[in-house]
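Notes to accompany the following structure.
Laboratory data are not the source of any read-out in this text; all were calculated from the coordinates shown. Because the structure is a prediction, the values reported are computed rather than measured. FYI the Cβ positions are ideal-geometry reconstructions off the backbone, even for glycines, and counts take in every protein chain you see.
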Amino acid sequence: MNDNHSNPELIYRPRWIVPIIRDAIKNYPIIVLKDIRNFKNAMRIFTFTALCLFSFTFFSSCDPLVTTFEDVEDAVMYKAASITEPGVVPPEGFDVIKVMTWNIRFGAARIPWYIDSCGDRVLLTKKEVMTGLEGLAEKIKQVNPDILLLQEVDVESKRTAYVDEVQWLLDHTDMNYGAFASMHQIQFIPSDGMGRIDQGNAILSRWKILETERIQLPLRGDQSALTQYFWVRRNILKVKINIPLSLPRDFYVVNIHAAAFSTDDTKRQQIDKFIEILDELDDNGAYYVAGGDLNEIPPSSDSTNFCDEDRCPEDADDFCRDGSDFYAETDWLNDLYNGYTIHPAVPWSEYLEDNSPHFTHSVVTTGYSWNRKLDYLFSNSEWVAGSHITHQDAFDLSDHAPISATLNIDQPIP
Amino acid sequence: MKPGKRIIVICLFLLLVSIAGNNNWSSGTATILPKGRWEMGLFQPLRVGQTERIEWSIHPILSFQIPNISVKIAHPRFNGWEFATRHSLIYPTPLLRRLRLKGFGISTLAEMDVGGIISNDPTISQIPHMVSLKNEALLTKKIGVKTLLTGKGGISFAIKNGKLDSRTTIDLPIVFPRLGVYYNGYAVNLGADLLQQLTKKLQFLSDVDMILLPGADEVFTFEHKGLFIWNKHSDFRILVGYKLVYGEYPFGTQWHLLPLFDLEWGISK
């Protein structure tokens, strides 16, 4: 015990600390071997304790530093604080559903964030987050969709003052149910005080979500193992929705946010997986609406290189940021536009006629200059002709413009 | 400061803070070190017995960046309990300012600069000068032959010369509640230690601690540790164990289970 100090036998002559440390380290194994009986006892106790601790850890809620995901797992379900009446069910024979997709940039609006917009901002204030979310909610209420696909939604991130944006948007719009699939869940990022982050894709719906699937997409192949471990784990969020119409088939919503900065074919693999899921749903006779931020331009776009537009003031004149040059990727969406069963909300012919009204993205922080289309809506049902809108007026609310369109699911599947 | 040195400073800070409060041998109890005895560990503060009634302690490595000093004073025993009070003064501003940076320019972590613990966001004002004073009472009693029980309770106060932005919190176990006093103005701590002699040379220390930040959004932190202590003799020992932390953070509550390890040396004159 602690009365050793009073025992004269144990009082040692002063020595320099360094030799003491050296002796201790050098002699430690000998100590153990000398006192083998105590060592055995200690090991027994230690083993027992270790087993207890292991069991406790296993059953406790200790989270890993970086959350990894199964290939397919459930998404996180949400429900609005108060359920809003879904509204008048459309008359028989005219079953339409309004769908909207939006990369909301975690509610940062056009604040010059340090990674994606040549900025220096890292952590938003709660007031800034609220202002951003209020702008998003106002636009969503104005468009009034039945189903909303969201990308870059934060639920527990220091950069957005730990506001659960899925819950907040449910509680401040007419949407009732939600599902969330995280793509970047880390307890602490020691880079410019980023700290904790949890962001991902979400689907909000007026109607009950019956089933959810978070489908893991291929990780980037152009990164080291360490970087890949801490990098975003992009996913497809697939949900089955209970639409109160007399539909002969199940109705699914599929939301994707594909790789933004990969320099290999990772994004192509992710897009192929997206198409594979849509084909599978169609083969199973289900209705679907799908979309999101593909981080890819449509085939035959007028411009394929955005190095000049994306360059930051501090970059060299000939510098091109990763993800700014699409020249080698121009055919990666062909199967989404040439497929017989996949119908884009914005018809390809209309896009080819004039690209600019359909642009949904720009990284610049000032000036109204959307410069490419990265966001999409697709379905295996028919879209109501002329119902699609690319809401380019929402420039101040995110670095992506939302797209909305109305789906006529009364049309038979070809 | 060069990146390598910065990394060492940060690692040391996190290690030292993570082990803080892991005081035993004499300092976790109301017992005062005998006059002339020195004790220190890899992660423990240096403790010195000045007289039979007064013991000083300081984290020598940390003190370059986070000046700190603590004094433990023995008081008359009552009802068989040893009684002491401990008073600590900490000035964390230099270290917190040093931890506030973008990173070291080493992009190995998700292609971002590694090393920025506190954000350098331009809308966050400079970390102000801050000082905290912690006052703690310790009561120790020997129960039977093999067990030593210590109860402790204290209150901390902090003063600062400017606004401390809430975005500068380090939302990690052990660190977050200990820095909470600077955001909240005051904090309360309560705890108990049980030291058991298992064999001639082996002891087991089990403790519980609570840190409370009354009035804050994150009020409660509970910590428990279990430590096996192998005493070679009164001048050297090895400590291995775990620390379990349950706490409220700005994002909610969370459990953490952390490993503990230390080596301690003592010198008696």
Could you pull out every residue, at least 5 positions away or on a different chain, whose amide H is within less than 5 Å of the one on residue A:157? Hs are placed 1.01 Å off N in the peptide plane, and Pro or chain starts have none.
A:162, A:163, A:198
Net charge near residue A:171: determine it from the other residues with C-beta under 15 Å of the C-beta of residue A:171, scoring Lys and Arg +1 and Asp and Glu -1.
-2
Please state the charge dipole magnitude for chain B, taken about the Cα centre, from unit charges on C-beta atoms (+1 on K and R, -1 on D and E), reported in debye and rounded to the nearest 20.
900
As a check on your grasp of the helix formula, calculate [θ] at 222 nm for chain B: sum -39500 (n - 2.57) over DSSP H runs of n ≥ 4, divide by the residue count, round to the nearest 500.
-4000 deg cm²/dmol
Taking the convex hull of Cα positions in the range A:259-414, its mean projected area over all directions (nm²)
9.6
The FRET efficiency for residue B:53 and residue B:198, from their Cβ-Cβ distance with R0 = 35 Å and rounded to 0.05, is 0.65
Gain on full stretching of the segment that runs from residue A:138 to residue A:83 - 0.36 nm per residue minus C-alpha separation:
18.0 nm
Starting from the amide H of residue B:130, placed 1.01 Å from N in the peptide plane, find each other amide H under 5 Å away whose residue is 5 or more places distant or on another chain.
B:93
Would you mind ranking B:210, B:40 by Cβ crowding within 10 Å, fewest neighbours first?
B:210, B:40
Set the Förster distance to 35 Å, then compute FRET efficiency between residue B:85 and residue A:127 from the Cβ-Cβ distance, nearest 0.05.
0.20
Cα-centred dipole magnitude for the range B:102-232, charges only on beta-carbon of K, R (+1) and D, E (-1), debye, nearest 20
900
Need one number: nm distance between label points at residue A:384 and residue B:46, each 7 Å from Cα along Cα→Cβ, rounded to one decimal.
7.9
Applying 1/(1 + (r/R0)^6) with R0 = 22 Å to the Cβ-Cβ distance of residue A:341 and residue A:211, what FRET efficiency is obtained, to the nearest 0.05?
0.50
Could you work out how far the C-alpha centroid of the range B:107-166 sits from that of the range B:172-213, in angstrom?
12
Run the numbers on chain B and let me know its relative contact order in percent, using alpha-carbon pairs under 8 Å that are six or more apart.
14
In percent, how large is the relative contact order of the range B:173-254, given Cα pairs closer than 8 Å and 6 or more residues apart?
24
Gain in span if fully extended, residue A:304 to residue A:246, counting 0.36 nm per residue against the direct Cα distance
16.5 nm
Expressed in angstrom and ordered largest first, the alpha-carbon extents of the range A:72-408 along the principal axes are 60, 43, 39
Within 10 Å of each candidate Cβ there may be at most 16 other Cβ atoms; applying that plus a DSSP loop requirement, which chymotrypsin sites (Phe, Trp or Tyr not before Pro) in the range A:64-157 survive?
A:69, A:94
